[in-house]
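What follows is a single structure, written as structure tokens, with notes after it.
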Amino acid sequence: MSVSEITDTRQYLTFRLGDEVFATDVAKVREVLDFTTITKIPRTPEFMSGVINLRGNVVPVVDLRLCFEMSKTEKPVNTCIVVMEMLVDGESSVIGALADSVEEVIDLEPDSIQPPPRIGTKIRTDFIKGMGKRDAQLIMILDIDRVFSTDELSAIRGAEPAATLAEAIA
């Protein structure tokens, strides 16, 4: 979905990664969890922190900071896991994403959202749906389906634990 397709006011969950504020459509968010123990899985991509047991379901958790080539999340006091659901290749996937802190749910009007900047061909901005403006603050609105592209999700799915690990953390 591009900025031009946003024709009505939408709600976004805002969260921080470092000094930057990001947002994702609340329709994609299942819940926000306090930081909990993450079970690391060997031989997975660096951005994959591991898995958590969410009411009997094994959910992969990724470090969004590493996805965006920032420093690894150091788990300060406010670190949380944003559990999101997305469709990839027609299949629903649930993923937890580490965020330094969750800010709030905000309403953004279509006229307060601009397309992501075009900085050249070497910088990828295809995962940014738009740049929201709220007062003097700029908010990067993520296209969460593109942040977790098919290739990245395939890597995560391929790293899902066997039933014995799921039982061990249940």
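Laboratory data are not the source of any read-out in this text; all were calculated from the coordinates shown. Values in this document were obtained by computation on a predicted structure and should not be read as measured data. Note: ideal-geometry Cβ built from the backbone for every residue, glycine included; neighbour counts use all protein chains shown.
Under a no-solvent Debye model with one identical scatterer per Cα of the range 47-141, what's log10 I(q)/I(0) at q = 0.12 Å⁻¹?
With no solvent term, the Cα-only Debye profile gives -0.52.
In terms of Cα to Cα distance under 30 Å, which lysines are near enough to Lys129, apart from those fewer than 8 places away along the same chain?
Cross-link targets: Lys28, Lys72, Lys75.
Full-extension gain between Gln11 and Ala136, please, as 0.36 nm times their residue separation minus the C-alpha to C-alpha distance. Write out the running numbers ahead of the final one.
Numbers: separation 125, 0.36 × 125 = 45.00 nm, distance 1.86 nm.
Gain on extension, Gln11 to Ala136, equals 43.1 nm.
Fewest first, what order do Lys28, Lys75, Lys129 take by the number of other Cβ atoms within 10 Å?
On the way: Lys28 18, Lys75 11, Lys129 26.
Fewest-to-most Cβ neighbours within 10 Å comes out as Lys75, Lys28, Lys129.
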